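Note sheet for the following structure.
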Amino acid sequence: MSLLLAMTGWHVEDWRARFAALLPDMPVVILGEPFDRRSVHYVASWKHPEGSLSGLPNLAAVFSLGAGVDHLFADTRLPEVPIARVVDPDLTTRMSEYVVLHCLRYLRQQPRYDRQQREAIWDDDRNQPAARSVRVGIMGLGELGQDAARKLKVMGFDVAGWSRSPRTIDGLVTFSGSEGMVDFLGRTDILVSLLPLTPDTRGLIDAKLLAGLAQGGRLGGPFLINAGRGRLQVEADILAALDAGTLKGATLDVFETEPLPAESPLWSHPAVTVTPHNAAMSEPEAVATLIAAQIRRLEAGAPLEHVVDPARGY
Ligand code: NDP
Ligand code: OXD
């Protein structure tokens with residue numbers, strides 16, 4: 001019985017060593033090296049090549065090495081076995097750090113002071129909005145969205161959230177579905193996207209959505225932070241809104257195409273901050289520990305945790 005590591009873009013050796021230490025009785029085999037396909041009971045995947053998991057007759061479960069599972073559902077030949085994803089405090093904390101950092105950056109006008117420093121301008125602007133006067137709207141109120149909302153509230157922001165199904169969360173103004181979208185956007189100065197990529201969310205952050213954001217708030221116009229998935233956003237529409245001045249700035253960790261192509265205008269746009277899809281990286285020690293515990297649970301006859309629903313796509 002073995003665990004197959006099937007990943008692209010990450011250093012497989014870090015993961016092999018970690019899993020081998022955590023599961024000393026289970027051989028760890030690597031996609032791309034020779035292995036007996038009948039021996040594989042478990043797969044841990046990050047963007048495995050299309051079709052590479054078919055023909056594993058004893059496969060019992062697939063683990064995403066990240067919180068998102070769109071990379072799994074992109075495989076049209078994905079085996080029909082239970083799929084579990086990462087829900088882990090290490091990853092969640094990293095994402096909340098990213099969201100709080102960039103909301104504070106906009107609140108405290110840091111991009112402007114960076115510019116002023118480059119030009120040696122001392123402009124002691126006295127217009128300093130309070131966090132309580134800035135409305136943050138979080139799209140996606142799951143594991144990551146709820147934690148980010150809690151931490152933004154600690155910083156004093158006026159926080160609301162939007163989800164697919166109605167949610168009641170202590171201390172949070174919530175909206176849901178297409179019927180809640182207009183009111184949600186209309187009270188949002190900083191839009192934070194922590195949505196999964198599904199057929200329903202693809203292309204959601206487009207010209208129409210951006211046009212619905214609050215104008216005239218305390219930051220002088222709306223900002224966007226997307227750390228969900230790149231294909232949630234229409235990059236041409238974001239650039240057009242920035243150039244029209246209806247969007248004041250965008251911080252993007254994820255992109256329609258990754259790595260972000262060298263010719264993308266996002267790289268050099270003065271109102272755009274680019275980070276290389278690492279808002280919340282999967283740290284091998286934390287994530288391998290979680291997956292090893294899941295495998296031990298299954299081997300002991302206990303149910304798998306953090307299982308995703310293929311019909312919903314997350
Ligand atoms: P969860 O599954 O816990 O939460 C997803 C949230 O999105 C839920 O609130 C869900 O609504 C909502 N949602 C899903 N579809 C829709 C829709 N059509 N309309 C409105 N709301 C919708 O996921 P996580 O919070 O753990 O992770 C979210 C995403 O963050 C991941 O899927 C991944 O894409 C991204 N991510 C990015 C990382 C990075 O480094 N940039 C790192 C980790 C994750 P409901 O509550 O009704 O179910
Ligand atoms: C994830 C990611 O889904 O890193 O965990 O994008």
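Every number here is computed from the coordinates shown, using simple stated rules; none is lab data. As the structure is a prediction and not an experimental result, all values here were calculated from the model. Methodologically, a virtual Cβ is constructed for each residue, glycine included, from the backbone with ideal geometry; neighbour enumeration extends over all protein chains shown.
Computed quantities for the displayed model
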{"quantity": "Extent along principal axes [Cα atoms of the chain; Å; largest to smallest]", "calculated": "66, 43, 32"}
{"quantity": "Set of lysines with alpha-carbon distance to K248 below 24 Å, sequence-local pairs under 8 removed", "calculated": "K151, K153, K208"}
{"quantity": "Share of pairwise Cα separations in segment 56-122, more than 13 Å, in percent", "calculated": "75 percent"}
{"quantity": "Distance from segment 161-220 to segment 244-305 (C-alpha centre basis), Å", "calculated": "20 Å"}
{"quantity": "Where a label projected 7 Å from the Cα of A60 along Cα→Cβ would reach, residues of segment 75-97 with amide N under 18 Å", "calculated": "79-85"}
{"quantity": "Spherically averaged projected area of segment 204-275 from its Cα convex hull (nm²)", "calculated": "4.5 nm²"}
{"quantity": "Gain on full stretching of the segment that runs from L304 to D200 - 0.36 nm per residue minus C-alpha separation", "calculated": "34.8 nm"}
{"quantity": "Modelled FRET efficiency - R0 35 Å, D90 with D125, Cβ distances, 0.05 increments", "calculated": "0.40"}
{"quantity": "Amide hydrogen neighbours beyond the local backbone of V192, cut-off 5 Å, H modeled", "calculated": "G137, I138, M139, I225"}
{"quantity": "Viscosity 0.890 mPa s, temperature 25 °C, Stokes-Einstein D of segment 163-264 from Kirkwood C-alpha radius, µm²/s", "calculated": "172 µm²/s"}
{"quantity": "log10 of Debye I(q)/I(0), alpha-carbon scatterers only, for segment 91-274 at 0.09, 0.12, 0.15 Å⁻¹", "calculated": "-0.29, -0.53, -0.85"}
{"quantity": "Selection from L59, G221, Q233, by position along the positive dipole direction of the chain (Cβ)", "calculated": "G221"}
{"quantity": "Cα centre as origin, Lys/Arg/Asp/Glu Cβ charges: segment 125-269 dipole, Debye", "calculated": "540 debye"}
{"quantity": "Total charge dipole magnitude, the chain, about the Cα centre, Cβ charges on Lys, Arg, Asp, Glu only, Debye to nearest 20", "calculated": "620 debye"}
